[in-house]
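These notes are about the structure you will find just below.
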Amino acid sequence: MVRKGSNTTTTTTAKSAPATKQAESVRKKRKNDEDKVQPHIKKSSSPFTSLQMMFEKYKDEDNLMGPDAICKFCFDLGLAPESIQVLVLAWQMNADKMGYFQKEEFVVGLEKLKSYDLVTLKKELIQLTAQVLGDPNKFLELYKFSFGYSSELVNKKLLDVNTAAELLELVLPQSVHTPNFVSFLRSDKHNLKVINKDHWLCYNEFSKTVKRDLSNYDQQDAWPLLFDTFVEFVQEQDR
Amino acid sequence: MANQPLTLDELWKECEKPFQDLFIHLKEGLTKEKYIKLYTNVYNYCSTQNEGVLKDFYPRISNLIKQKAKEIMEKADGLPNDDLLLFFRNKWNDWKFSSRVLKNLLEPVNKIYTSDGGKTQQQQSSSDQTNTSKILIDSLNAWRDAAFKPLNSRLLTALETIILKDRNGDSTNLQVLSDTLECYVQLGQDKNKLQVYIDHFETTFLKSTEDFYRIESAEFVAKNGIPQYMKHISVRIEQETTRVQKFMPITTLDKLNIRLNETLIVNFKDQFAEKFLDLLSENKNDELTMMYNLLFRVNHLESLRKNLQDFIKKEGIKEIENDLKESQEKPQVLIGHLLETYNRFNRLIRESFSNDTTFLAAMDRSFAHVINENPASYDQKKKESTIPVVLAKFCDQILRKGPYHISDEGELEKKLAEAVCLFKYLPDKDIFMLNYQKMLSKRLVEDLSASEDAEASMINKLKTHQGFDYCTKLTRMINDMRLCKDINANFQTYLNENSLTLPYTFNFYVLTNGSWSLTNKTSSNPFKPPSEMLSSITYFEKYYKSSFKGRVLTFLYDFSRADVDSRQVRGKIYKLATTAYQMAILLLLNTQDKVTRFQILDSIGLDENSIRLPLLALMKTGIIESDKPDYKEWNNDTSFSINAKFASKKMKVNCNVAVQIGETKTSEGAQTVSNSEIEKERYFKLQAAIVRIMKSKKVLSHNDLVVETTNQVSKWFAPKIATIKKAIEYLIEQEYIRRTADDNPNQRKYEYMA
């Protein structure tokens, strides 16, 4: 999943219309390159070189793929940048910052997936994603990773609520609480700005253990206050 | 004397007549010679005729006893019941005596009987029977058959009559009752001595007592009401108890008490409880005592306790409601009312309810409610009580020099002790402490504390109640003040040694940072002390730094006070008590008539906000004037000048007075500790407690941690669960603790991160 960097002013999803010159030029470049480079990668004999070349093709700075580059890459890959599979990819790369792939991260990550071309990569990602979603332990790793990956605040200790909401819709859409929790995070009634890692981890716990009707939620338990407020919020809505 | 043994018939001839006389003509008595002769004869006979004694001699005696008993009791026929009882009792006393004499005469027979019978007959009961003699037993049996059996039902009626008479206040012979019952006990079998007594008297007695009082009490209550009734039954119970103690076997007392309690008290307990409230409101302490004692007998105090609890609550609140306005405004008044209630009910419980601990506990419950939720200090909407602050103010007022100070030491001590009594009921002892501390700071720094001893005594009292650590800061403050005396003296020596002199008298307080809640208000510019002060400050700093290496001195000008002599009015000298800032402003006016605000700020530092208060206070006292009286119009050109027409009756003028700025009335230094300061303190205390607990326990469940934390801080305040959770979350974020990853979410705990 890729979100816009906080300093850029354009949306970077492939679907959206380009608004700046830079984005426009990226687009043109992509059109030109498509026919030439892709077959070349497929034919490459050394796996390592082929990954390097693949990176070279998309990078927009030395050793770095920025948001635009990643969008293009995703487009070519045939996966939406904000899909869970791309998040899984970032996780495999152990990418440090959302919207940015370092060259080393990229090469190591794809190597790990043993994918040296886009078709294999896509297949691998779809397969791995399904596997992760079915395995609570692996999922927890992905879930933990996604917090740090998305956090842009204070040493990656905090996550702003809108990012958190989007992220939850992506990684935990199957939880019955997610729609409510997302609208809770987005409502400005509680003046929520950020959540911390503890909140984030507890939500996974919450979604697993608390019943749909919240009947087994107990304020006396160790839940952070945020969840007390959330439960009140839901109960108020239901009334 | 012939030593020839007598034959049975010879013996009997000798004995029969005296034996008969022993029973029938007891009063005539038996001469000593006759007695000895009889005894010798019996003895001689017995020593030769073992077999014959048992077979022939004793049966004759036994028959004689039976016959005599019958003979005696024949006279009972036809006697009316009263006389019958008397007759029975007298005859019984005689009978007892006669039997004993006979027994002594026949001692040799008895010996044979017991030694022989003991072997052959009942071995098991021999130990009991060694002291009883066969003759006594037989005489008792004869009495039972001849006297008791035919008469006992008539006797019972007679006994009942005696008791009834006694109850009704008619004079009667209770000794007869006592003797008769003694006879009943004697008649009982060895194994169960009281059985005859129980069957033929006690059971009926208990029942008729119950019946008697059931009727009497119902009538009495209907006629005279509960208070009179209580008096009446107190007497009644006393009477019944004494009667049993004096005239009946003591085992009856418990049984009787059960019946009396049930009939006289338990049956009326609801009416008692109902009347209880009336008695309370009418202050009928004697009746209350009586009621307590009665219900205590039957262990039915629950309803009294509950009623008392409600009553104290109501009365305490009412007391304050009646004087609501004064109570809201004046700590002395509110605390006075609370103490009134406290003392009133404490006394009541002590005097009327024997200081019953369960009653004291009930009072504690309701009094805590009165203290914390009375209408004068409780905010219904915020669910908060200002009582901790009020109590701190109360203490401040009586401890500081001023109108409320109590100069009499004993009296002051008593008031302080009472304040501590109320203190015990505060749930938010931290709020009290923070305020007390702040007020103590001001008392000490401004030299307003009336008595050092009283301060120390109060701190000791708090220490006794809340523990040493509750008062640490207060103790340190007092210590600082003691040390200051030395420091100032040593400073003086230092000045002398270095041949330095100060232009004015200076007194410094050196106060440990952290123990005192004193800080300068933030101002964008620091205060620049006027040259008059400067030398003293510099010398002192030099002296202090040389004596105490490594310590940092911060001057709290906000709290500095100065005495200024003013000659602003011709021919008069006023002594002005000012703040340091006011002094600095006034000193500027030493050399010029007028100063602008710009000049003031330029020379003394500070900023517009921080000189507003000193200026306004000086203007309010009339020492200076301004071309713009309204501070809202002030600017840098606004000028201030000395008021040459100043007049005051007093030579000493206090210039640090409260002035109205905006909505709030302020003088320098806020009066009470703000909520946010309290919240902050509490949050710190919670965090500290959690870290302490986790450090020692390493791993702990959420519930245990919450409970432990609550315990640790309960000395200071009752924490909200949400605040504890917040502190826990903060500590997780700060990585002091973390959640353990257990597969079972209910097993998850917190873990200390070293």
Inset, instruction - Compute the accessible area per residue over the stretch B:281-358, keeping the other protein chains in place, probe 1.4 Å, unit Å². - result: 51
Inset, instruction - Could you tell me which trypsin sites (Lys or Arg not before Pro) in the stretch A:95-148 are loop residues by DSSP with no more than 10 other beta carbons within 10 angstrom of their beta carbon? - result: A:LYS114
Inset, instruction - Using a 1.4 Å probe and ignoring any ligands, DNA or RNA, find the accessible area of B:VAL221 and quote it in Å² to the nearest 10. - result: 20
Legend entry - For chain B, with +1 on Lys and Arg beta carbons and -1 on Asp and Glu, the positive-most of B:ALA142, B:ASN513, B:ILE312 along the dipole: B:ASN513
Legend entry - Under 28 Å from the Cα of B:LYS698 - lysines, other chains or at least 8 residues apart: A:LYS144, A:LYS156, A:LYS157, A:LYS197, A:LYS208, B:LYS680, B:LYS685, B:LYS715, B:LYS720, B:LYS725, B:LYS726, B:LYS749
Inset, instruction - Tally up the carbon and sulfur contribution to the accessible surface of the stretch A:137-238 as a whole percent, 1.4 Å probe, everything protein left in place. - result: 48
Inset, instruction - Order the following by accessible area, largest value first: B:MET619, A:MET53. Probe radius 1.4 Å; ligands, DNA and RNA are ignored. - result: A:MET53, B:MET619
Inset, instruction - Note the buried accessible area between B and A here, summed over both chains, with a 1.4 Å probe, in Å² to the nearest 100. - result: 1200
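By accessible area of protein heavy atoms, probe 1.4 Å, what ranking do A:TYR100, B:TYR43 get, highest first? Walk me through the intermediate numbers first.
Numbers: A:TYR100 45, B:TYR43 120 Å².
The most accessible residue leads, giving B:TYR43, A:TYR100.
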Inset, instruction - Taking all protein chains together and a probe of 1.4 Å, list B:LEU556, B:LEU601 from the most accessible to the least accessible. - result: B:LEU556, B:LEU601
Legend entry - Surrounding net charge for B:LEU253, when Lys and Arg each add one and Asp and Glu each subtract one, Cβ distance under 14 Å: +1
Legend entry - MRE, 222 nm, helices only [DSSP H, n ≥ 4, -39500 (n - 2.57), over the protein assembly as shown, to nearest 500]: -20500 deg cm²/dmol
Legend entry - B:LYS284 - accessible surface, heavy atoms, 1.4 Å probe, Å² rounded to 10: 80
Inset, instruction - Quick one: dipole size for the stretch A:137-238, taken about the Cα centre, charges +1 on Lys/Arg Cβ and -1 on Asp/Glu Cβ, in debye to the nearest 20. - result: 380
Legend entry - At most 11 other Cβ within 10 Å, DSSP loop - trypsin sites (Lys or Arg not before Pro), the stretch B:376-428: B:LYS381, B:LYS382, B:LYS383
Legend entry - Set of lysines with alpha-carbon distance to A:LYS123 below 17 Å, sequence-local pairs under 8 removed: A:LYS42, A:LYS112, A:LYS114
Inset, instruction - Would you jot down the residues in the stretch A:211-239 that end up with at least 30 Å² less accessible area in the complete protein assembly than in the chain alone, with a 1.4 Å probe? - result: A:GLN220, A:ALA222, A:LEU225
Inset, instruction - Select from B:ASN192, B:PHE640, B:LEU615 the residue farthest towards the positive end of the dipole of chain B; place +1 on Cβ of Lys and Arg, -1 on Cβ of Asp and Glu, and compute about the Cα centre. - result: B:PHE640
Legend entry - Neighbour-limited loop hits for GluC sites (Glu not before Pro), the stretch B:250-358 (at most 14 other Cβ within 10 Å; DSSP other than H, G, I, E, B): B:GLU282
Legend entry - Listed residue (B:TYR581, B:PRO629, B:ASN656) projecting farthest to the positive dipole end of the stretch B:560-665, Cβ model: B:ASN656
Legend entry - Nitroxide proxy distance, nm - points 7 Å out along Cα→Cβ at B:LEU534 and B:ASN322: 6.5
Legend entry - Accessible area of A:PHE73 in the full protein assembly, 1.4 Å probe (Å², nearest 10): 0
Inset, instruction - Net charge near A:GLN127: determine it from the other residues with C-beta under 15 Å of the C-beta of A:GLN127, scoring Lys and Arg +1 and Asp and Glu -1. - result: +3
Inset, instruction - Work out the length of the dipole vector of the protein assembly as shown about its Cα centre, built from +1 on the beta-carbon of each Lys and Arg and -1 on the beta-carbon of each Asp and Glu, and round it to the nearest 20 debye. - result: 1840
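Can you tell me the dipole magnitude for the stretch B:386-547 around its Cα centre, using point charges on the Cβ only (Lys, Arg +1; Asp, Glu -1), in Debye to the nearest 20?
Using only the charged Cβ atoms, the result is roughly 460 debye.
The values are calculated or read from the model by the stated rules, or taken from the named source; none is laboratory data. Note that the structure is predicted; figures quoted are calculated from it, not measured. Every residue, glycine among them, receives a Cβ derived from its backbone with ideal geometry; neighbour counts consider all protein chains shown. These area figures cover heavy atoms from the full protein model, side chains too; ligands, DNA and RNA do not enter into them. Shrake-Rupley method; radii C 1.70, N 1.55, O 1.52, S 1.80 Å.
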